[in-house]
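The values are calculated or read from the model by the stated rules, or taken from the named source; none is laboratory data. These figures come from a predicted structure and were not determined experimentally. Cβ sites come from the backbone with ideal geometry, for glycine too, and all protein chains shown count toward neighbours. Heads up: the accessible areas ignore ligands, DNA and RNA and are worked out on the full protein's heavy atoms, side chains in. Shrake-Rupley method; radii C 1.70, N 1.55, O 1.52, S 1.80 Å.
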Amino acid sequence: MQLAPPVSHREPRTVRHDADLVIVGGGMAGTCCAITAARAGLAVVLVQDRPVLGGNASSEIRLWILGATSHMGNNNRWAREGGVIDEILVENTFRNPEGNPLFVDALLLEKVVAEPNITLLLNTVIHEVTKRDADTIASVRGFCSQNSTRYDLHAPLFCDASGDGVVGFMAGAAFRIGAEARAEFGEGFAPERGNGELLGHSLYFYSKDVGRPVQFTPPSFALLDITKIPRWRHFNAKEHGCKLWWIEHGGLLDTVHDTERIKWELWQVVYGVWHHIKNSGRFPEAENLTLEWIGTIPGKRESRRFEGDYMLRQQDIVEQRAHPDAVAFGGWAIDLHPAEGVFSDQPGCTQWHAKGVYQIPYRCLYSRNISNLFLAGRIISASHVAFGSSRVMATCAHAGQAVGLAAALCRRDQSLPRALTAPPRMAELQRALWRSAQHIPGVPLRDDANLAARAHLTASSELRLARFEPNGPMISLRDAWAMMLPVEAGTRLAFTVEAEVDAAVELRVELRQSSRVDNHTPDVTLETCTVSLAAGRGRQVAVEFRHAFADARYAFVCFFGNEHVRLRGSEQRVTGVLALCHQANLAVAKSAVQSPPADIGVDTFEFWHPHRRPGGHNLALQLRTPLASFAAQNVINGWARPTNQPNAWVADFADRAPTLMLRWPEPQTIARVELMFDVDYDHPMESVLMGHAERRMPFCVERYRVLEEAGTVIAARADNHHARNVIVLAPPVTTRALRIELTAPAANVPAALFEGRCYGAGGRSITAAESVSPAMAGKLFRTESAWL
């Protein structure tokens, strides 16, 4: 028994942690920042004020993780973010294709606790900041109510990923709330005058069919008059969860300090909506439904935005401006909501897309006046209009990863965030990001330490795409369809395709390209031809274009809508080749053509996007001249996903033993091999609710071997489903050749490899800080974070 005599005052138990980097906020940005920094060797403290990680992606809120792919409804092809966030999305799809939010929680916790360099503090609220001087944070203090412990957290570097910017606010960092006036940045979509209107919070609910009638009595605080919601007729018994994202409120309130009020008012709405569904008599199909879950904290969209040395703005997004310090990218639409939220008589959002993805500068990721404070998540330095795009979770996570590696470089050199803007330092950061699988549009990897770049490459075969087998379904031209084909300079396209024709018609076929070589919006028409088709089956549509392409890029062969015509599809699929449909994805667009007002600085263009598998078949074109864009040399060209070309070595369909050989004139000592496979960067991989038809991406090589010149197997995998595979050779291998043997994923999908890199013992990147103890000697594998 312990007796505690009365005293005048007691302090809670206090624990001090000293780290290289303290990250406040365990949403997707903070989590990915922490994992990236820890893998680079930093001692990281990750502080989260909730019992789970993920923020809006967690089971507490249940919003799907999305970014530049935008539900596959825009023209951003192969735009899923890379690095840690991609690793998480791929693994979640593999384990959890049904989209259970509880499993997202478990995966994020697993990823963080797997990193020995991370100290994770859950349920811990940061409430105090101490400063070394006016511009420098010395420590932050937090309190965990679950263990009644106070934490004093000291570090030379801090990252605010808290959503509301709690550290930046208390430290005195410059910030903004509300929309800037149009004149400040020349943004056409901004209001004429600045205002305090914000995007609001949302609460979601899940329903469940229990197989028998269920009664529902609403709580006394429920909204009983559903007609107070102008769009009340849009509610139905089928949609729940974040498909009802537009149950939003609080944009006219203080979204930091009024959150509890906003939550209660959202509860009123949600219970009122369920009362309407269950008791209005309009939804007899809801008789057996029960309300399974309602969020207990709202998902926040907007509050404070902090000022860096540069503020991202509308023109950066729409014009896709280039920045010398690009470290991440975005691609979600500029997506702004009425401040009245669910009570507005306006549409729930206004979305304006760009023609492609845009760069995010590093200067947006640190405070302009607090010298050791990084910014991550929705609080990065952006105007209100640009924030409408940069705020989504996968984009936030991608930028957070850049912060993690920037912090590692800062600690190595005992410098502060701004120092990395110097061109040589920035080039090193960009190289480190690329090495960690972080795609940066417009910035290829240039890596002198990569031994593969000095090797002579040969392959057992290289795909010369002459045809897609006509073994798939017939595809109706009720909507227009296109094939997106990689062409080289000088290519002229001529082909045939099988058609079924119900009545004699004139079929219009256009050859198009994008106005930017690295975009995938077919906004430039190069040539048009009209083909007369008689009624019948098995008709051969023959098309020959005269146009010769001036450079290597994607060509779009567009067949325009005619309900009387169907074209033969193929079951074959190839890395870097897609069939596109010209139609609206109503989740992110109102029509198949974006038609903005003339004065808001946004482009008019058409949407062409793939269908999700098991649909999305290629058209069975038979090409007169094969396409030769799949060479072995692509694995060292500095890109690890399709851009203006597939950027992959793709073997021939008939190659039963696809093999890539790397040969050097002199022996090389290799300590590490990194391979990048195709996990279909075009797939959004929404983390919850949607559900996915596949656990493994059909393009991804599952089985491979790596052999040295004498034929000894130095690495082998039989169950890969990730993009980045890291092979650590302990001890290193000295050889004049490496042989990489792949197994094709399926008979209708040839083997493909985006990138192959090799490093000696002295060529390891700051991203590759994994240590190999003597007890672990041998050939160790990492598929992203997991030792296998």
(Q) Checking the condition outside any loop (DSSP other than H, G, I, E, B), open to solvent by 20 Å² or more (accessible area, probe 1.4 Å), out of contact with any Leu (no Cβ under 7 Å at 6 or more places or on another chain) and over 18 Å from residue 91 (Cβ atoms), which residue from 710, 716, 657 passes? (A) 716
Q. Condition test on residue 193, is it touching a residue at least 40 places away in the same chain (Cβ under 8 Å) and farther than 15 Å from residue 294 by Cα?
A. no
**Q.** Of residues in region 176-218 being among the polar types (S, T, N, Q) and surrounded by fewer than 13 Cβ atoms within 10 Å (Cβ to Cβ), the one nearest to residue 385 (Cα to Cα)
**A.** 217
Q. Pairs, please: C-beta under 7 Å, at least 6 apart or cross-chain, first residue closer than 8 Å to residue 658 by Cβ and of a type in the set (A, V, I, L, M) and in region 735-751, second in a strand (DSSP E or B) and modelled with pLDDT of 95 or more?
A. 742/704; 742/753; 751/742
Q: Look at region 541-562 and say how many of its residues are under 18 Å from residue 615 (Cβ atoms) and in a strand (DSSP E or B).
A: 1
Q. Hey, does region 204-214 have a residue that's closer than 21 Å to residue 238 by Cβ, among the hydrophobic types (A, V, I, L, M, F, W, C) and in a strand (DSSP E or B)?
A. yes
Q) Given the structure, is residue 69 at pLDDT 95 or above, under 20 Å from residue 114 (Cβ atoms), crowded, with 24+ Cβ neighbours inside 10 Å and not aliphatic (A, V, I, L, M)? A) no
Q. Looking at region 325-334, is at least one residue open to solvent by 20 Å² or more (accessible area, probe 1.4 Å), in contact (Cβ under 8 Å) with a residue 24 or more places away in the chain and within 27 Å of residue 438 (Cα to Cα)?
A. yes
Q: Mind listing just one residue for me: the one in region 5-52 that is of a type in the set (Asp, Glu) and within 19 Å of residue 167 (Cβ to Cβ) and, of those, nearest to the chain's Cα centre (by Cα)?
A: 49
Q | Qualifying positions in region 591-643 - surrounded by fewer than 20 Cβ atoms within 10 Å (Cβ to Cβ) and of a type in the set (S, T, N, Q) | A | 591, 595, 604, 622, 625, 633, 637
Q. Are any residues in region 229-272 buried (at least 21 other Cβ atoms within 10 Å of the Cβ), within 31 Å of the chain's Cα centre (by Cα) and in a loop (DSSP other than H, G, I, E, B), and if so, which ones?
A. 240, 247, 250, 251, 255
Q: Answer yes or no: is there a residue in region 273-294 that is of a type in the set (Phe, Trp, Tyr) and part of a loop (DSSP other than H, G, I, E, B).
A: yes
Q) Can you name every residue in region 511-540 that is part of a strand (DSSP E or B) and either open to solvent by 40 Å² or more (accessible area, probe 1.4 Å) or touching a His at 6+ places or on another chain (Cβ under 7 Å) (or both)? A) 511, 524, 525, 526, 527, 528, 530, 532, 537, 538, 539, 540
Q: Would you check if residue 521 is of a type in the set (Val, Ile, Thr) and in contact with an Asp or Glu (Cβ under 8 Å, 6 or more places away or on another chain)?
A: yes
